[in-house]
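**Q** Below you'll find the structure I mean.
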Amino acid sequence: MSDIVSRPLALYIHWPFCLKKCPYCDFNSHVRASIDQEAWRAALIQELKTYATLTGYNSVSSVFFGGGTPSLMPPETVAAVLNIIRELWPVADNVEITLEANPTSVEAGRFAALAKAGVNRVSLGIQSLDNSALKFLGREHDTAQSLIALQAAREHFPRYSFDLIYAYAGQSLAQWDETLSQALSMAGGHLSLYQLTLEPQTAFSARAARGEILTVSDELAADMYLLTQNKTAQSGLPAYEISNHAASGQESRHNLAYWQYESFIGVGAGAHGRYLDHAGRCIASIGHKSPELWLQQVQQQGHGQAETTIIDTRTAQREALLMGLRMTQGINLSSWQNKFEQDLICSLSNTRLEELAQEGLIAAIDTHLRVTLAGALKLNAVLDYLLKE
Ligand SMILES: C[S@@+](CC[C@H](N)C(=O)[O-])C[C@H]1O[C@@H](n2cnc3c(N)ncnc32)[C@H](O)[C@@H]1O
Ligand code: SF4
């Protein structure tokens, strides 16, 4: 793969704690009565220092504080993490520093301090603009709090986004249409709109296994998805990825790094990374999921990695295809050539590509390989077919 120092680096920092576990969520998030804030601050700093010795990059392009609920982090911890990043790596002048926030009043009250610490983009988990849906989703906030948090986000950060979940049981197409209109009228340059999925090992999947209906039918979910695509595009926030919408230039640079298969380091409990080591090998890493074990490992050995694997080129290409076809613009063929020193189209079955094109699932190939809207609705099947041995 291409020269390590000419590639940008995205840094993901995981905060694994929440006030309450939401019934649909399978992220690595935990509820704890108390947190030793000093120990956590020191451990995040230590793991960043360790990563800096394992890799060499010439510029950090983005930092993303994800969770869990990173808006519960003490702003001094966020500031300390950003300070050490600046000491360890050169940081791009236009670095994007995002923090995920829940819209409770306590967290909105921290926005000024988080902005002062260096955060320049906030992603708010509003989830719904309907109080009964928020209750169904087990959220701690109501719509009035969301609107206050949104106003605070506008005041304190140059960029903001918010998340909504749709296609939950009982929601009609007309209701989603109304919610979308409201959301678009309040949006900045970016929105994340997720269909409710029943993730294994969650309270919702256990309830579904007992026969409860928690999502809408597949047909209605597809109609909601198509409505979402049309409405957001008409309002100037077209999809740039399956669930993400932005005005031109307002895309999340950090998430684009994942989808464009750029290097990223994941710091914290359960965080994933894909980065090049000093020998130019692509490393997949994952941190211990248990917050306590991760903390203990960092204290004892300087990092909390549970597993690191060297990824061969073929595996890396499969991952890059899986990620890249999520983007509306698809995979840039010349970037692929630069990264892998191989032609993407030649490495795939031309017969299968032609079949998928005839079925209207992939678009005519020019500078990019991309799926059509019909292909996006069946993305997993398209990928399975393209990657079948
Ligand atoms: C890391 S999570 C949550 C961040 C923050 N703690 C919050 O709850 O707002 C990021 C986003 O993923 C989405 N999400 C999580 N689980 C989901 C599920 N099962 N179905 C659909 N969207 C989901 C939610 O919109 C959530 O805001
Ligand atoms: S959705 Fe957010 S607040 Fe809820 S458990 Fe998951 S990470 Fe925590």
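**Q** Name the one entry in Gln296, Gln329, Gln317 that is under 22 Å from Ala376 (Cα atoms) and either open to solvent by less than 70 Å² (accessible area, probe 1.4 Å) or not in a loop (DSSP other than H, G, I, E, B) (or both).
**A** On the way: Gln296 fails: under 22 Å from Ala376 (Cα atoms); Gln329 fails: either open to solvent by less than 70 Å² (accessible area, probe 1.4 Å) or not in a loop (DSSP other than H, G, I, E, B) (or both).
Going through Gln296, Gln329, Gln317 in turn, just one is under 22 Å from Ala376 (Cα atoms) and either open to solvent by less than 70 Å² (accessible area, probe 1.4 Å) or not in a loop (DSSP other than H, G, I, E, B) (or both): Gln317.
**Q** Restricting attention to region 57-66, does a residue exist that is over 19 Å from the mean Cα position of the chain (by Cα), more than 17 Å from Leu293 (Cα to Cα), away from ligand 1 (no atom under 16 Å from the Cβ) and open to solvent by less than 50 Å² (accessible area, probe 1.4 Å)?
**A** The first filter runs over region 57-66 and keeps only residues over 19 Å from the mean Cα position of the chain (by Cα), leaving 57-59.
Of the ones still in play, those that are also more than 17 Å from Leu293 (Cα to Cα) are 57-59.
Going one step further and asking which of them are away from ligand 1 (no atom under 16 Å from the Cβ), we end up with 57-59.
Checking the rest, the ones that are also open to solvent by less than 50 Å² (accessible area, probe 1.4 Å) come to 57, 59.
For region 57-66, residues over 19 Å from the mean Cα position of the chain (by Cα), more than 17 Å from Leu293 (Cα to Cα), away from ligand 1 (no atom under 16 Å from the Cβ) and open to solvent by less than 50 Å² (accessible area, probe 1.4 Å): present.
**Q** Specify which of the listed residues (Ala221, Ala246) is touching a His at 6+ places or on another chain (Cβ under 9 Å), hydrophobic (A, V, I, L, M, F, W, C) and touching a residue at least 24 places away in the same chain (Cβ under 8 Å).
**A** On the way: Ala221 fails: touching a His at 6+ places or on another chain (Cβ under 9 Å).
Of Ala221, Ala246, the one residue that is touching a His at 6+ places or on another chain (Cβ under 9 Å), hydrophobic (A, V, I, L, M, F, W, C) and touching a residue at least 24 places away in the same chain (Cβ under 8 Å) is Ala246.
**Q** Consider region 208-245. How many of its residues are within 16 Å of ligand 2 (Cβ to nearest atom) and more than 18 Å from the chain's Cα centre (by Cα)? Let's see the steps before the verdict.
**A** Just the residues of region 208-245 that are within 16 Å of ligand 2 (Cβ to nearest atom), to begin with: 214, 243.
Restricting the remaining residues to those that are more than 18 Å from the chain's Cα centre (by Cα) gives 214.
Total meeting the criteria: 1.
**Q** Among all residue pairs at least 6 apart or on different chains, which show Cβ distances below 8 Å where the first residue, located in region 201-216, is at positive phi and the second is in a loop (DSSP other than H, G, I, E, B) and at pLDDT 95 or above?
**A** Gln201/Asp26
**Q** Counting only residues that are surrounded by 14 or more Cβ atoms within 10 Å (Cβ to Cβ), closer than 21 Å to Ala222 by Cβ and without any contact (Cβ under 8 Å) to a residue 40 or more places away in the chain, how many does region 360-373 have? Give the derivation first.
**A** First, the residues of region 360-373 that are surrounded by 14 or more Cβ atoms within 10 Å (Cβ to Cβ): 361-363, 365, 368-373.
Among the residues that remain, those that are also closer than 21 Å to Ala222 by Cβ are: 361-363, 370-373.
Then keep just the ones that are without any contact (Cβ under 8 Å) to a residue 40 or more places away in the chain; that gives 361-363, 372.
Going through region 360-373 one residue at a time, the tally reaches 4.
**Q** Based on this model, can you work out whether Asn338 counts as of a type in the set (S, T, N, Q), surrounded by fewer than 12 Cβ atoms within 10 Å (Cβ to Cβ) and part of a helix (DSSP H, G or I)?
**A** Numbers: of a type in the set (S, T, N, Q): yes; surrounded by fewer than 12 Cβ atoms within 10 Å (Cβ to Cβ): no; part of a helix (DSSP H, G or I): yes.
When the stated conditions are applied, Asn338 does not pass them.
**Q** So, one more: Ser29 fails exactly one of the following numbered conditions: (1) away from ligand 1 (no atom under 15 Å from the Cβ); (2) hydroxyl-bearing (Ser, Thr, Tyr); (3) touching a residue at least 40 places away in the same chain (Cβ under 8 Å). What is the number of that condition?
**A** That leaves (1) as the condition not met.
**Q** Sticking with this structure for a sec: With the requirement that a residue be farther than 19 Å from Gln175 by Cα, within 14 Å of ligand 2 (Cβ to nearest atom) and surrounded by 18 or more Cβ atoms within 10 Å (Cβ to Cβ), what does region 123-162 give you?
**A** Across region 123-162, the qualifying residues are Ser123, Leu124, Gly125, Arg139, His141, Gln145, Ala149.
**Q** Go through region 331-343 and count every residue that is hydrophobic (A, V, I, L, M, F, W, C) and over 25 Å from the mean Cα position of the chain (by Cα). Explain how you work it out, then say what you get.
**A** First, pick out the residues of region 331-343 that are hydrophobic (A, V, I, L, M, F, W, C): 331, 333, 336, 340.
Remaining after also requiring over 25 Å from the mean Cα position of the chain (by Cα): none.
Qualifying residue count for the region: 0.
**Q** Starting from region 103-119, keep only residues that are open to solvent by 30 Å² or more (accessible area, probe 1.4 Å), then list their pairs with residues that are within 16 Å of ligand 2 (Cβ to nearest atom) whose Cβ atoms are within a distance under 7 Å, requiring at least 6 positions of separation or different chains.
**A** Pairs that qualify, where the first residue is open to solvent by 30 Å² or more (accessible area, probe 1.4 Å) and the partner is within 16 Å of ligand 2 (Cβ to nearest atom), are Ser105/Gln145; Arg110/Ser71.
**Q** What do you reckon, is Ser146 in contact (Cβ under 8 Å) with a residue 40 or more places away in the chain and part of a strand (DSSP E or B)?
**A** no
**Q** Taking the residues in region 6-43 that are within 23 Å of Ser263 (Cβ to Cβ) and of a type in the set (A, V, I, L, M) as candidates, determine which candidate is surrounded by the most Cβ atoms within 10 Å (Cβ to Cβ).
**A** Leu11
The values are calculated or read from the model by the stated rules, or taken from the named source; none is laboratory data. Because the structure is predicted, anything quoted here is derived from the model rather than measured. In this analysis, Cβ positions are derived from the backbone assuming ideal geometry, glycine residues included, and neighbour counts consider all displayed protein chains. For accessibility, only protein heavy atoms count, side chains too; no ligands or nucleic acids. Shrake-Rupley method; radii C 1.70, N 1.55, O 1.52, S 1.80 Å.
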